[in-house]
Amino acid sequence: MPEGAPSEDVPIAVNLSSNDYLGLSRHPALKRAAVKAITQFGVGSGAGRPAAQSVELHERLEERLAAFKRVPAALTLQSGFAAVMTAIASTCEPQDLVISDEMNHPSTADGVRLAGSEHWTYTHCDVDRLEHLLSRARGNGRRYGHIVVATDAVFGTDGEIAPLVKICDLAERYGATVMVDEAHALGVLGEGGRGAVDQYGLASRVHIQVGTLSKAIGALGGYIAGDRSLREGLLLNSKQVRYSTLQSPPVVAACIAAIDLLEREPARVTRLQKIATSFRERLRRFGFDTGASETAITPIYLGVADRALLFSSRLRAHGVLAAPIMPPSVPVGTARLRTIVSSEHTEQQLDLALGAIESVGRELGVI
Ligand SMILES: *Cc1c(COP(=O)(O)O)cnc(C)c1O
């Protein structure tokens, strides 16, 4: 294709930029559940709790989610972003301190701002640095109320898993609370997709789990999961929970259908994990720098932003969609192309994508 030609002319053959890890957003069971809920309740829930007519449907999703996550209770919100902000804003006070990984999703920082707490960040996945900050916080002349360590379970730009066991060890040593955002881990890691906290057996050591229903679950929404007292406290005290309309009923019904599927067909998650490992290994064999990815997200490091942009647009001309990740999302000089695989990608699609990536990589002198 000539330089500058509109790549939109080429149909998308392989989408490597969707978070719909298990292809559930288009699954017939989710569509059927959503249509049924629309027929019964309409498209909107019309009110917050407890007034909404569909409240039992919402509570059923929360029970199913809690059981799936193997925690006592869960509360759903309209988005993952809202869930993270609400979890922090509703459990932290101005006298508290939140210490988070510098690469956490932006919702963490917004939640801390809303809570009015102090906010420190540590170098990405650096547990020595985290320990240094915890020890400084404990030794500080100022006495903090609570100290919360907040980390994403899987980081959205590079697909690495946070050092969760060490984070829990440190938090216990310094009397801190742990909050883990499972947005890119639910449906991807752990037994049958139960997440990273489950994979490492940390359910009783992570006080607050948050996540999204908008990625692997295939619909839209977020959740906060943990002890029953956490859920009850949110219902009583959280402005975001009390003064906001409940999720739309079809979306909630679709989420329940997604959990049914995950429980019934765990092979979907195994297939995703297998595809992700093989895709990443093949990229590495071509000679690409794929960072520390361990999940379905694999970056290709490209250096300057222009190169990432060009790589992405050249791939698009081959019918392959993959997003460039550039500053300010990542440090200058570390621009990358982000690839995300799905359990529903066929062998042919993966071969096509890898062939195109190899060819563009050679064309641009990356490999
Ligand atoms: C995607 C994401 C969110 C936001 O979830 P939405 O449902 O899209 O609002 C929050 N945290 C992390 C780590 C995410 O990756």
Complete set of residues in the stretch 100-115 that are open to solvent by 40 Å² or more (accessible area, probe 1.4 Å) and either farther than 24 Å from HIS184 by Cβ or part of a helix (DSSP H, G or I) (or both): PRO106, ASP110, ARG113, LEU114
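Where in the stretch 126-217 are there helices (runs of 4 or more DSSP H), lying fully within it, with 3 or more residues that are over 25 Å from THR290 (Cβ atoms) and among the charged types (D, E, K, R)?
Hits in the stretch 126-217: 127-139, 164-173.
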When residues of the stretch 77-97 are limited to those that are open to solvent by less than 10 Å² (accessible area, probe 1.4 Å) and in contact with an Asp or Glu (Cβ under 7 Å, 6 or more places away or on another chain), the one nearest to MET179 (Cα to Cα): VAL84
Residues being in contact (Cβ under 8 Å) with a residue 24 or more places away in the chain and over 17 Å from the mean Cα position of the chain (by Cα) - total across the stretch 201-231: 9
Qualifying residue in the stretch 168-182 (condition: small (Gly, Ala, Ser), within 16 Å of the ligand (Cβ to nearest atom) and either in contact (Cβ under 8 Å) with a residue 12 or more places away in the chain or open to solvent by 10 Å² or more (accessible area, probe 1.4 Å) (or both)): no
Residue list for the stretch 136-167, filter: without any contact (Cβ under 8 Å) to a residue 60 or more places away in the chain and of a type in the set (Asp, Glu): ASP152
In the stretch 209-232, the residues that are within 16 Å of the ligand (Cβ to nearest atom) and surrounded by fewer than 22 Cβ atoms within 10 Å (Cβ to Cβ): SER214, LEU220
Test result for GLY145, farther than 24 Å from GLY222 by Cα and open to solvent by less than 60 Å² (accessible area, probe 1.4 Å): yes
The one condition in (1) away from the ligand (no atom under 16 Å from the Cβ); (2) in contact (Cβ under 8 Å) with a residue 40 or more places away in the chain; (3) hydrophobic (A, V, I, L, M, F, W, C) that LEU133 fails to fulfil: (2)
LEU57 away from the ligand (no atom under 16 Å from the Cβ) and more than 15 Å from the chain's Cα centre (by Cα): yes
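Does the stretch 30-47 contain at least one residue that is in contact with a strand residue (DSSP E or B) (Cβ under 9 Å, 6 or more places away or on another chain) and either within 16 Å of the ligand (Cβ to nearest atom) or open to solvent by less than 20 Å² (accessible area, probe 1.4 Å) (or both)?
No: the stretch 30-47 contains no residue that is in contact with a strand residue (DSSP E or B) (Cβ under 9 Å, 6 or more places away or on another chain) and either within 16 Å of the ligand (Cβ to nearest atom) or open to solvent by less than 20 Å² (accessible area, probe 1.4 Å) (or both).
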Near pairs, Cβ below 6 angstrom, 6+ apart or cross-chain, from the stretch 74-87 (within 13 Å of PRO106 (Cα to Cα)) to any residue that is more than 7 Å from the ligand (Cβ to nearest atom) and assigned to a strand (DSSP E or B): ALA83/LEU77; ALA83/VAL210; ALA83/TYR223; ALA83/ILE224; VAL84/VAL210
So VAL197, is it within 16 Å of the ligand (Cβ to nearest atom), open to solvent by 20 Å² or more (accessible area, probe 1.4 Å) and of a type in the set (A, V, I, L, M): no
Qualifying residue in the stretch 261-273 (condition: over 17 Å from ILE88 (Cβ atoms), within 16 Å of the ligand (Cβ to nearest atom) and of a type in the set (S, T, N, Q)): no
Filter pass, GLY159 being away from the ligand (no atom under 15 Å from the Cβ) and either open to solvent by less than 10 Å² (accessible area, probe 1.4 Å) or within 17 Å of the chain's Cα centre (by Cα) (or both): no
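The values are calculated or read from the model by the stated rules, or taken from the named source; none is laboratory data. For clarity, every value in this text was computed on a predicted model and none was experimentally measured. Don't worry about glycine lacking a Cβ; one is built from the backbone with ideal geometry, like all the others, and counts go over all protein chains shown. Remember, those area values only see protein heavy atoms, side chains included, never the ligands or the DNA or RNA. Shrake-Rupley method; radii C 1.70, N 1.55, O 1.52, S 1.80 Å.
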